[in-house]
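**Q** What follows is a structure written as structure tokens; I'll ask about it next.
The values are calculated or read from the model by the stated rules, or taken from the named source; none is laboratory data. Computed from a predicted model, the values in this text were never measured in an experiment. Backbone-built Cβ (ideal geometry, glycine too); neighbour counts: all protein chains shown.
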Amino acid sequence: MTALADVPTTLQSKFPQITLRPSGDHPAVNVPPSEAVAVLKYLRDEFACDFLVDITAVDWGVEASPRFTVIWHLYSTTQHGYVRVAADCASDAEPVAPTVTGLWLGANWHERETYDLLGVKFTGHPDLRRILMWDGYPYHPLRKDFPLAGIEVPLHDIEVAELTGASAKPAPMMGGPFVASVGEMNLTDAEPRAKDESWTERKAKPAGE
């Protein structure tokens with residue numbers, strides 16, 4: 001087992017296309033997408049990075065190129081340290097990265113979430129579909145060009161539409177924007193609350209009132 005402190009130099013010697021990634025906490029490297037699976041497997045097998053903490057992506061904005069970067073965070077349960085691996089997606093319009101479900105089964109839901117919220121497609125994923133938003137939802141809510149207040153779209157579920165009394169609602173925030181009170185108070189009062197809580201209040205009323 002190789003020490004985590006040796007990750008940058010060891011990886012660069014084995015994978016010449018790797019570059020060091022600026023990091024204030026853990027060893028971090030940039031890899032080409034085509035090398036990502038091999039690098040992650042090497043970290044798992046040679047550095048005992050046996051736990052996939054998470055997979056996510058960064059949208060640097062519509063003006064940036066490359067626009068999207070996929071991030072993998074690994075943890076070694078024997079060395080008690082983290083490693084960060086990043087890969088820039090080649091296409092800004094249709095960002096793609098390879099699946100690592102063959103290395104860690106837990107990657108399944110991480111990749112589905114990243115696809116759902118940021119639109120990154122993971123090639124080879126066994127069941128790449130949305131995990132939070134409904135099938136057919138036309139947007140990716142964590143992209144930089146998605147407005148904070150959401151975009152009104154027809155609700156996908158008839159029962160939900162009947163409960164809310166409308167066929168369209170802003171997504172993903174019901175009743176937002178959310179605000180928190182300031183000053184000295186208890187933690188319950190300090191919880192962020194929606195400015196418009198009418199939907200919640202209507203739902204809480206007993207039938208017939």
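**Q** Would you check if S167 is at pLDDT below 95 and touching a Leu at 6+ places or on another chain (Cβ under 7 Å)?
**A** yes
**Q** Okay, moving on. Do you know which residues across segment 1-33 are farther than 13 Å from F47 by Cα, in a loop (DSSP other than H, G, I, E, B) and of a type in the set (V, I, T)?
**A** I18, V31
**Q** Looking only at residues in segment 1-25 that are surrounded by 15 or more Cβ atoms within 10 Å (Cβ to Cβ) and within 27 Å of the chain's Cα centre (by Cα), which one is farthest from A90 (Cα to Cα)?
**A** Only one residue fits best here, namely L4.
**Q** Looking only at segment 45-61, decide whether some residue is touching a residue at least 40 places away in the same chain (Cβ under 8 Å), more than 19 Å from the chain's Cα centre (by Cα) and surrounded by fewer than 21 Cβ atoms within 10 Å (Cβ to Cβ).
**A** yes
**Q** Give me the pairs: first residue in segment 63-78 and within 18 Å of P32 (Cβ to Cβ) and part of a loop (DSSP other than H, G, I, E, B), second residue modelled with pLDDT under 95 and of a type in the set (S, T, N, Q), beta-carbon distance under 9 Å, and six or more apart or on different chains, which are they?
**A** Matching pairs, first to second residue: P66/S91; R67/S91.
**Q** Another question, then. Just the residues that are in a loop (DSSP other than H, G, I, E, B) and surrounded by 19 or more Cβ atoms within 10 Å (Cβ to Cβ), please, taken from segment 90-102.
**A** The answer is P95, T99, V100, T101.
**Q** Could you say whether any residue in segment 117-124 is assigned to a helix (DSSP H, G or I), buried (at least 17 other Cβ atoms within 10 Å of the Cβ) and touching a Pro at 6+ places or on another chain (Cβ under 7 Å)?
**A** Yes; the residues of segment 117-124 include at least one that is assigned to a helix (DSSP H, G or I), buried (at least 17 other Cβ atoms within 10 Å of the Cβ) and touching a Pro at 6+ places or on another chain (Cβ under 7 Å).
**Q** Among the residues of segment 26-37, write down those that are touching a Lys or Arg at 6+ places or on another chain (Cβ under 9 Å) and surrounded by fewer than 18 Cβ atoms within 10 Å (Cβ to Cβ).
**A** Those that are touching a Lys or Arg at 6+ places or on another chain (Cβ under 9 Å) and surrounded by fewer than 18 Cβ atoms within 10 Å (Cβ to Cβ): H26, N30.
**Q** Further question: Report, ordered by the first and then the second residue, all pairs with beta carbons closer than 9 Å, sequence separation of six or more or different chains, a first member in segment 123-138 that is more than 21 Å from A97 (Cα to Cα), and a second member that is surrounded by 13 or more Cβ atoms within 10 Å (Cβ to Cβ) and of a type outside the set (A, V, I, L, M).
**A** G136/R130; Y137/D116; Y137/R130
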